[in-house]
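The structure appears below as structure tokens.
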Amino acid sequence: MSIKAYRPTTPAQRQKTTQDFDQITTKKPLKSLTKAKKQNAGKNNQGRITVRHRGGGIKRHYRILTHNLPKDLILTVEEIEYDPNRSARIARVKDQNGTYYYVTADTNMTKGSTFKTGEKAPVETSNRLPLEQIPVGTMVYAIELTPGRGAQMVRAAGSSAQLMAKENGYATLKMPSGEVRKVLVSCEASIGVVSNPQHQNIKQGAAGRRRRKGIRPTVRGVVMNACDHPHGGGDGGRHGSGKAPRTPWGQLTLGYRTRHNKKTNNMIVRSRHEGKRK
């Protein structure tokens, strides 16, 4: 994977970069595995904005991915496709019975390659099997949190987790964020690294590029009036009110804990914030 630069014909073109699409083998998705995707513009069923700075964007179809593949399958990669709904590439695969699935592609998948699922699958890249069968030190992705529920963790482009240890029925994983957490060894994971590792190095370059993705502009609080934001107001001189950073509704942001799931606190061995603390 490499990053493509543009000829500097405009100031935006000078900055803009994009990913190459050499890995992609087809432009047309499988119709039976797609469905219409409604644009909600960041609003809930009451019409209230729950996610700010969303709206507009081009129309797109949702690809129905299978995060919970049946066991004991031999799957052949038919196509590697672009998915507008996620950062990673997706693979159109067909099992030995002729059934098609969409799965998250890894860096090793190519058109015509095969992989297996289930406890008896060999320890090879792209194969999906329980953590109990995977050697310590292996890089994995698409990890289950609850056995049988399907992949919930490590699905973004270029991400992978490392299997650190296995003891007392739990596997210890080092996540991409730096968090170290435990999951049951009966949870399944795929071996390898998620595709499109250069995704994080792309420079948007132009505002319109983000608008087409459905992302609207973000205005800083310090340039607003005092009536519009806790950071607003002032005489136009040095910005900053001397107070701790806050949301538009006055809630503290820096260092404020957003995780409130006490039931799984004992699963986290090391928080992703540990390295930041003095």
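Read the figures in this text as sums done on the coordinates, not as results from a lab. In this text the structure is predicted, and so the values were computed from the model without any measurement. Positions of Cβ are generated from backbone atoms using ideal geometry, with glycine treated the same way; all protein chains shown enter the neighbour counts.
Gaussian network model of the chain, Cα springs within a sub-10 Å range: biggest mean-square fluctuation belongs to which of Pro248, Pro29, Pro135?
Of Pro248, Pro29, Pro135, the most mobile in the Gaussian network model is Pro248.
In percent, how large is the relative contact order of the range 106-233, given Cα pairs closer than 8 Å and 6 or more residues apart?
Across the range 106-233, relative contact order equals 23 percent.
When we measure straight from the Cα of Lys38, which lysines land under 17 angstrom away, once same-chain ones fewer than 8 places off are left out?
Lys59, Lys213
Roughly how many debye, to the nearest 20, is the charge dipole of the range 125-207 about its Cα centre, given +1 on each Lys and Arg Cβ, -1 on each Asp and Glu Cβ, and no other charges?
Roughly 180 debye for the range 125-207.
Please give the FRET efficiency for Glu274 paired with Lys213, using the beta carbon to beta carbon distance and R0 = 30 Å, rounded to the nearest 0.05.
0.35
Which of the listed residues, Ser177, Asn97, Gly148, is farthest toward the dipole's positive end in the range 55-184, when Lys, Arg count +1 and Asp, Glu count -1 at the beta-carbon?
Selected residue: Ser177.
Give me, ordered by chain and number, the residues 5 or more places off Ser87 or on other chains with an amide H under 5 Å from its own placed amide H.
Here the answer is Ala157, since their amide H atoms fall under 5 Å of that of Ser87.
Spelling out what I want: for every residue of the range 182-192, take phi, set θ = phi - 60°, compute 6.51 cos²θ - 1.76 cosθ + 1.60 (Karplus), and round to whole Hz; glycine and proline get x.
10, 9, 5, 5, 7, 5, 8, 8, 9, 8, x
Cα centroid distance between the range 10-71 and the range 181-228, in Å?
Computed from Cα coordinates, the inter-centre distance equals 13 Å.
Taking R0 as 30 Å, what FRET efficiency do you get between Gln251 and Gln152 from their Cβ-Cβ distance, rounded to the nearest 0.05?
0.60
Listing Phe21, Phe115 from the residue with the fewest other Cβ atoms within 10 Å to the one with the most, what is the order? Intermediate results must be reported in sequence, preceding the final value.
On the way: Phe21 14, Phe115 26.
The most exposed by this proxy come first: Phe21, Phe115.
Give, rounded to the nearest 20 debye, the magnitude of the charge dipole that the range 223-267 has about its Cα centre when Lys and Arg contribute +1 at Cβ and Asp and Glu contribute -1 at Cβ.
440 debye
Considering the values [x] 182; [y] 114; [z] 192, which represents volume of the Cα convex hull per residue in Å³ as calculated for the structure under consideration?
This structure yields the entry labelled [z].
Taking the simple approach of a point 7 Å from Cα along Cα-to-Cβ for both Lys43 and Val222, what is their distance in nm?
For the pair Lys43/Val222, the computed spacing is 3.3 nm.
Which one of Thr258, Thr18, Thr218 has the biggest mean-square fluctuation once the chain is modelled by GNM with Cα springs under 10 Å?
Looking only at Thr258, Thr18, Thr218, the biggest GNM fluctuation is shown by Thr258.
Can you sort Ile215, Ile3 from fewest to most other Cβ atoms within 10 Å of each residue's own Cβ?
Going from sparsest to densest Cβ surroundings: Ile3, Ile215.
Any chance you could run the full-extension gain for Thr76 through Thr18? It's 0.36 nm times the residue separation minus the Cα-Cα distance, nm to one decimal. Could you put the intermediate results ahead of the total?
Numbers: separation 58, 0.36 × 58 = 20.88 nm, distance 2.91 nm.
My answer for the length gained is 18.0 nm.
Rank Ala88, Thr258, Leu65 by how far each Cα sits towards the positive end of the charge dipole of the chain (+1 on Lys, Arg Cβ; -1 on Asp, Glu Cβ) and give me just the farthest.
Of the candidates, Thr258 comes out farthest on the positive side.
Using θ = phi - 60° and the Karplus form 6.51 cos²θ - 1.76 cosθ + 1.60, what ³J(HN,Hα) does each residue of the range 4-10 get, whole Hz, x for Gly and Pro?
9, 9, 9, 5, x, 7, 9
If you put +1 on each Lys and Arg Cβ and -1 on each Asp and Glu Cβ, how big is the dipole of the chain around its Cα centre, in Debye rounded to 20?
1540 debye
Choose one of Gln133, Gly118, Gln204: the residue whose Cα lies farthest towards the positive end of the charge dipole of the range 92-231 (beta-carbon charges +1 Lys, Arg; -1 Asp, Glu; about the Cα centre).
So the residue furthest toward the plus end is Gln204.
At most 15 other Cβ atoms within 10 Å and a DSSP loop assignment: could you name the trypsin sites (Lys or Arg not before Pro) in the range 186-225 that fit?
In loop regions of the range 186-225 (DSSP not H, G, I, E or B), the sparsely surrounded trypsin sites (Lys or Arg not before Pro) are Lys203, Lys213, Arg220.
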